[in-house]
Structure formats: structure tokens, C-alpha cells
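Notes for the one structure printed next.
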Amino acid sequence: MSLVLAQSGGFVRDRSAGASGQDACVARDGVCPSWIAENFDRYVEPLQRHVLLTVVALVIGFTISFALALLAHRRRWLVTPIVQLTGILYTIPSLALFFLLLPLTGRGFLTAEIALVSYTLLIIFRNVITGLDGVPADAVDAARGMGLTDRQVLWKVEIPLALPEIAAGLRIAATTTVGLATLAFFAGAGGLGDPIYADLTFKSNVLVAGGLCVLLAVVLDLLVLLAQRLLTPWTRAATA
Amino acid sequence: MTRTTKPDDGGPTATPAASLRFDAVQKRYPGNARPTIESLSIEVPAGEICVLVGPSGCGKTTAMRMVNRLIEPTAGQILIDGRPNTERAPADLRREIGYVIQQTGLFPHRTIAQNVATVPKLLGWSTDRIAARTTELLELVGLDPEFADRYPAQLSGGQRQRVGVARALAVDPPLMLMDEPFGAIDPITRERLQNEFLRLQAQVRRTIVFVTHDIDEAIKMGDRIAVMRPGGRLAQYATPAELLLSPADEFVEQFVGADRALKRLALGRVRDLELEEPTRVRYGDPVAGVREALRRAEVPYPLVIDADGRPLAWLDDDDLHGERIADGIGSEVAVVDRDDILRDAFSDVLQHRVQYAAVTDHRGVVIGILSADAVARELAPPGPAPVQPAEAHHGTGA
């Protein structure tokens, strides 16, 4: 661990910065508003990196899980092995996974993404399957009976009706990934983990980096929620 | 096949109904010792409602689902207009067969208009044509066009079922399959929907395979009824009247029920009976004249009508005093439509103090009187041994 920490020296506390009045606050490792104001731009690059790590992991994770779910939807026997496999991936401690991957993929973005994507698979896969299973059987029967092809039944009836469940899975995956991406720093992939682990004792630093994580998670969550509400107007129609 | 469905006002439709034939159709599922359907051969003439009825496990739904190839038979074939239904790809075949199921199968994520437009859209109709047809269909099934933009969850069960029927009729299919379409609806709404559907069918004249477990519904809806017994064996295929008058065997007799004489009431319409002439009076008429007219009347009570000939009240002896008939007196009149089925009309008659009902035409004008006696006479089975009306009365009172 110390090895990795040593390599992340790009982000060391700069206590000399700021007006002299703030020096006392910084020396106490406190929450110093003017230090934060002056040093905020130092967090922009890690934040951008964090967004990239999260969004790429979600897009790839969603694509893989969705494809697996569609495959398993028609071949039910696949569900159990897929859940088991993704479940195993889900249980590997993320730090352990980073270090296991280091000899194979080296330090950097790729290693971080492999780990982050692995953690989204179980969540999204299970929600897509649950969503597809929850589609009313009568709607599917009627669709087939009216002459929709299997593909049309899937894309015009089953997937739209599974959207709320799929979106729910995506939201959980998004918030989880934002949190896990702080560990990407250990794989040398940057992100908000960089400033956090650079100086865990300095409250101003941890507050800003941690706060940005929370903000990012909330924004992603709201974006998925908004997309879901736009795509599923029927769920808001008042029942008779 | 291209359709040339023109918007019409429910008049004769452009596409002719199809005939349907089950030819020694058999369905076996691997692992089941007994076949689900042993060997089914029935013929449904174009434009008729064929009801498949029987206890659960008799294979009636399986039989229906083989028509549009949701289930493929193990042996035998199904012919539509003389051509095997296996000649065409299942999806193409199904687009020309209306499909209505008990739980409606409406798409919760589509508006009512989008639901109704499902098959027209699959067939590539233009937007204008689809919009016109949707409005027309909603009207046809008695739904306000304002429902078009609502979602199924915003409708009542009865309304949803109407949408289901409208959706199935969208491209005016020559053949329709209906699986317990009114099964999940409360009895009062069900009866109304059944009546509406029969009126609709009189206009559109589609060939319909109708599945139900309810023999009363079968008798009411069917032109022909196929009674099926467990194991998918056809017990009897006959018109409702034949079924009630001469059940083929003990199974059919039991299934049809001991009250089959009474059930025949579901077959007749009020207009089929000989109606009696009422003594029509108005408020303000001289009492003496009414008493005079009543002496020659078939019905012992004068019927008060309004200026348009609509029934208002029955008068009895106590009401006939003074110089003229006083405004607003008398007791409530049971009113039945000439097109009502006898069973419903009879039950209306029995619920009123005066056991006569005023029969009206579609404008609400009185055209005659239906008496409990006339219904009882109808119940007496034909044949050499005449049954006293009193006996029939007895039976109905039980």
C-alpha cells in the first residue's frame, strides 16, 4: 500500500498556499473555507477523471449485462450460472482485484475499468432479468397473438415495460460505481481518490473530494431518474 | 392479402368473414399419458359464433390457441376458408385473426389509441387511416373518444375489455378468437358487455371462436356450441336450442344443468313472444271511459303513457275514482326492450308488483305488454304431452 501511496505524490498538501490568516486553520487540519476557495481548481481534473471512470464503467457494464440478460431471458437455464459468475466477481474485494490485475493489465485506466465494470454486472443483470420477468404475461400473450414477432415482442412490449426496473438497477450501479471509483487511485487511474488518499488527515481536502463524490452520485442518480420518467410516462398516469 | 377496409358506420364490413374447420386435430404433450385434445373435428360457418365450452382441463383454450398457431397441433389440421393455417408464417397469420383474452392483454405502456392501432401499425397503415379507424372503433365499442390518450390503468375493467375488443377488430379480421373475454368482469357489467357484443356482432358478422367455462354465457353468445369434456373429447356440437332440448349424453345433460328448461329463456327475445295489448291512458283522461275500455282489455291494468307514447305508470282499481285520472298517480312500470333476451325480461317482470312489463321499441314507445304467463307458456317444452303453464310456473318459482 505504501508503495502505491508513494506513487501518488502528485497531490500533496500545499500548506503554504493562502493568506497568512488561514495558516492556523490549515495547520490544525481544519475545514478552511478560504483554502478551499483558493485550491478548488486542483480538484477539477480529478473530478473529470472520476466522471470518466464512472460513466465508462456504467456504459460498458450496462451493455454487457443487458446483452447477457436478453440472452438469458430466452434461455432460462443461463440465469443461474450468470448470477453465480457475476456474484463471484461482486464479492472479490475491489482492492484485491486491482492488485490481482496489476501483473496482467498494468497500472492505469484499463485495470480500474475492469474492476469497476465487474461490480456493475450483477446489479444490472439481476434488475434487467427481474424487469423482464415482471412484464404481465397477458400483455406478452396478446402481443404474440396479434402477430408481433419475437423481436417485436421484446423491443416493443417487454423492454419498455421492464424500464422502471432496469432504471432502478442502473441507479444503484451508478451510485455504487461513484464510490468504488475512489479506489481506482490504487490502480493508478486517478479520480477523486487521488486527493482523498493524498492527505486523509486534512479535513478541508477530504471534505471537498468526498463532497464532489456525493454530488456526482446524486447528479447521476437524478439523470437516470429523469430519463426513466421521460421514457415511462404511463407509470405516472393516475389509476382509475 | 391487402385489406380494403373502408371506414363504415358499423354497417356491412368490407372483408368477408372466414369459415373455420378443425380436421381431426390432436394435441399431445410429451410426458402426458393422455392427450390434451384427442381428436377434434368441428366446422364453423362464416359469420357465426362458435363457443367452446367445458370444465377446466377440457382443452378448449388449447383448441382455440391452435387456430392462430400459438400452439401447434400434434396431428390433424385447421383450415381457414379451406386453407391450412400452416400455409403462412405465424405472425402474418395472426395479424388477420382478432385476439381477445380474459385479462385483456392491453399494453400498459401504450395509450388506448396506440393499443387499438397495434395491428394496423404492424400492417403499415398510414397515420391518417389509423387515426380515423381508431376513432371509429372506440365509437363502435361505446367508448368516448376522449379515452384515446389515456393509459389502460386509467380505465375500469369493463372499459378495458371494450378496448380489447376494439383492438381485435382494428383491421376488421375475418376471424376472431376470444378467450373468456368477459370472465374477469362483475356480473352486471358482463351482461351489458355481452349484449353490446351481440349487437356489435350483428353489425360486423365476424366468424368467432369464443371460449368460456360458463354454460349460460355459451347459450347466450353461441350460434353453435361445442361442449368439450376432459381429455379434449367433443361431447356435443349443436345449436343452443338443440343442446338444451336434446343433450347428447349424461355428461352434456349434467353440464347444461337441471334447469335447462329455464335456460331456454336465454335463447328467446321479447320480440319473439306474442305480446298483449295494453289499455293506454293519459293523465287527465275521464275515468268512466277508462273503466269502459278496461272491460274488453287483455291486461287488467290501464297503462299511463306520455305524449310520445312512452310508459309512465300502471293504474289499478284504487286509482280509478273521481272524474278524471289524477296527475302522477299509479305504480312503477317494468320496461323491457323488444330486443332483450327473455331471461332478463322475465326477471324484470318478477321484480315488480304488477307482473306485466311494458315492451318498448328503440325510441322507448310502448308496443305491447309482456306477461309472466306468456313467458311461462314459452317455457313449456314442445311435444305431444302438453305441460300445464302452472307447472312451469311452479318450476320458475323454485
Query raised in the report: Is it the case that region B:82-89 has a residue that's open to solvent by 20 Å² or more (accessible area, probe 1.4 Å), over 25 Å from the mean Cα position of the chain (by Cα) and within 14 Å of another protein chain (Cβ to nearest Cβ)?
Result: yes
Query raised in the report: Conditions: (1) over 24 Å from residue A:58 (Cβ atoms); (2) among the polar types (S, T, N, Q); (3) within 23 Å of the chain's Cα centre (by Cα); (4) open to solvent by 20 Å² or more (accessible area, probe 1.4 Å). Residue A:175 meets all but one. Number of the miss?
Result: (1)
Report summary line: Requiring at least 2 residues that are more than 13 Å from chain A (Cβ to nearest Cβ), the helices (runs of 4 or more DSSP H) wholly within region B:96-176 are B:127-140
Query - In region B:127-149, the residues that are in contact with a Lys or Arg (Cβ under 7 Å, 6 or more places away or on another chain) and in contact (Cβ under 8 Å) with a residue 40 or more places away in the chain - result: B:141, B:142
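The rows are residues; the columns are (1) in contact (Cβ under 8 Å) with a residue 60 or more places away in the chain; (2) out of contact with any strand residue (DSSP E or B) (no Cβ under 9 Å at 6 or more places or on another chain); (3) closer than 21 Å to residue A:84 by Cα.
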| site | (1), (2), (3) |
| --- | --- |
| A:130 | no, yes, yes |
| A:142 | no, no, no |
| A:145 | no, no, no |
| A:154 | yes, yes, no |
| A:176 | no, yes, yes |
**Report entry** Matching residues in region A:1-60 - criterion: being modelled with pLDDT under 80 and closer than 21 Å to residue A:95 by Cα
**Finding:** A:1, A:2, A:3, A:4, A:5, A:6, A:7, A:8, A:9, A:10, A:11
**Report entry** Among (1) in contact (Cβ under 8 Å) with a residue 40 or more places away in the chain; (2) open to solvent by less than 40 Å² (accessible area, probe 1.4 Å) - the single one residue B:267 does not satisfy
**Finding:** (2)
Query raised in the report: Across region A:98-156, what is the number of residues that are facing chain B (nearest Cβ under 10 Å), of a type in the set (Asp, Glu) and farther than 25 Å from residue A:231 by Cβ?
Result: 0
Query raised in the report: Quick one: would you say residue B:206 is under 27 Å from residue B:70 (Cα atoms), open to solvent by 10 Å² or more (accessible area, probe 1.4 Å) and in contact (Cβ under 8 Å) with a residue 40 or more places away in the chain?
Result: no
Query raised in the report: List pairs: first in region B:150-169 and over 14 Å from residue B:182 (Cβ atoms) and free of Cβ contacts under 8 Å to residues at least 24 places away in the same chain, second open to solvent by 10 Å² or more (accessible area, probe 1.4 Å) and assigned to a loop (DSSP other than H, G, I, E, B), Cβ under 8 Å, 6+ apart or cross-chain?
Result: B:154/A:237; B:154/A:238; B:154/A:239; B:154/A:240
Query - First in region B:70-99 and at positive phi, second anywhere and open to solvent by 30 Å² or more (accessible area, probe 1.4 Å), Cβ under 6 Å, 6 or more apart - result: B:76/B:23; B:76/B:24; B:76/B:26; B:81/B:19
Query raised in the report: Which strands (runs of 3 or more DSSP E) does region B:231-306 wholly contain that include 1 or more residues that are not assigned by TED's automatic domain parsing to the domain that holds residue B:358?
Result: B:233-238
Query - Single match in A:166, A:196, A:172 (criterion: assigned to a helix (DSSP H, G or I) and within 14 Å of chain B (Cβ to nearest Cβ)) - result: A:166
Report task. Among what's in region A:61-72 and is in contact (Cβ under 8 Å) with a residue 60 or more places away in the chain and surrounded by fewer than 21 Cβ atoms within 10 Å (Cβ to Cβ), pick the residue that is farthest from residue A:193 (Cα to Cα). Result -> A:70
Query raised in the report: Restricting attention to region B:221-230, and to residues there that are modelled with pLDDT of 90 or more and outside any strand (DSSP E or B), which single residue is surrounded by the fewest Cβ atoms within 10 Å (Cβ to Cβ)?
Result: B:223
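The values are calculated or read from the model by the stated rules, or taken from the named source; none is laboratory data. Small disclaimer: the values here were computed from a predicted structure and weren't measured. A quick note on method: Cβ atoms are made from the backbone with ideal geometry, for glycine too, and the neighbour counts reach across all protein chains shown. Note: areas computed on protein heavy atoms with side chains; ligands, DNA, RNA excluded. Shrake-Rupley method; radii C 1.70, N 1.55, O 1.52, S 1.80 Å.
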